[in-house]
Amino acid sequence: TQASADNLVSGLRAAFKDKKTAAIIMRINSPGGSPVQAGYVYDEIKRLRKKYPDTKLYAVIADICASGGYYIAAAADEIYADKASIVGSIGVLMDGFGFVDTLEKIGVERRLMTAGKYKGVLDPFSPLKKPEVQHVQNLLDTVHRQFIDQVKAGRGDRLSDNPDLFTGLFWNGEESVKLGLVDGLGSASYVAREIIGVENIVDRKST
């Protein structure tokens, strides 16, 4: 289903606040999304874990936990996945299309008017310009560094020194355990029963 940082944070706050909560399981099945939304949830998890130090939060990965999904998972006390789950993709992208040659072939003239030297940056109907490309690359590099810093802060020395860890590559759950991206293999029910020691799982919606 569609998710948003506001809904996730609302549900997390309610779960942490409930005095009957033994621990929290955050089930993640996401290819990623906005680094801003992921950062919002990450920061709130860190705040709640500090406010309620006796309540552990476990992230459990279903089919996929990539990019912004993993950004959020890195804030958990521990991360579990299925052996075939897809995990990682720690990187940042911005994509689009270029139609310059197409316009020339069909005889269409592009008329772009702007106020501001770079207002038309990355316009798909105009040729790429080196200063604009460099500016966007710097932006992506900065967000990527922020992503890496948060993952390192969340995972600490559990991360391996594999040089490909922050290149945008992804791995299955079994490989992710070896890389330190994941702590162990198991489902939400496994974590509840074997790690936390409870049988009853309450589905917390946003409030």
Whole-Å distance, taken between Cα centres, linking the stretch 127-144 and the stretch 1-65: 32 Å
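Could you list the square roots of 5 times each eigenvalue of the Cα gyration tensor of the chain, that is, the equivalent ellipsoid semi-axes, sorted largest first and rounded to whole Å?
Working: eigenvalues 315, 71, 48 Å².
Three semi-axes, in Å: 40, 19, 16.
I'd like to check one number: the per residue accessible area of the chain, probe 1.4 Å, reported in Å² as a whole number.
Per residue, the chain has 63 Å² of solvent-accessible surface.
To the nearest 0.05, what FRET efficiency results for Lys50 and Ala14 with a Förster distance of 25 Å applied to their C-beta separation? List each step's numbers first, then the result.
Working: r = 17 Å, r/R0 = 0.70.
According to the calculation, E is roughly 0.90.
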Full extension between Ala22 and Glu78 adds, at 0.36 nm per residue less the Cα distance, a length in nm of 18.7 nm
Quick check for you: which residues of the stretch 20-34 have the amide N under 20 Å from the point 7 Å beyond the Cα of Ala153 toward its beta carbon? 33-34
Please work out the FRET efficiency for the pair Asp6 and Asp101, using the Cβ-Cβ distance as r and a Förster radius of 41 Å; give the result to the nearest 0.05. 0.45
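Within 10 Å, count the other beta carbons around each residue, average over each peptide in 71-82, 27-38, and list them highest first. Could the numbers behind the result be given before it?
Details: 71-82: 24.1, 27-38: 17.4.
In decreasing order of mean packing, 71-82, 27-38 become 71-82, 27-38.
I'd like the carbon and sulfur percentage of the solvent accessible area for the chain, probe radius 1.4 Å, heavy atoms only, ligands and nucleic acids excluded. Don't skip to the end; give the middle numbers.
Values: 6770 of 12940 Å².
C and S fraction of accessible area: 52 percent.
Over the stretch 91-207, what relative contact order in percent results from Cα pairs under 8 Å that are six or more residues apart? Spell out each step's value before the answer.
On the way: 65 pairs, mean separation 24.2, N = 117.
Once normalised by length, the contact order is 21 percent.
The values are calculated or read from the model by the stated rules, or taken from the named source; none is laboratory data. All of these numbers come straight from a predicted model, not from anything done at the bench. Virtual Cβ from ideal backbone geometry, glycine too; neighbours counted across all protein chains shown. Please note that ligands, DNA and RNA were not included when accessible areas were found on the heavy atoms of the full protein model with its side chains. Shrake-Rupley method; radii C 1.70, N 1.55, O 1.52, S 1.80 Å.
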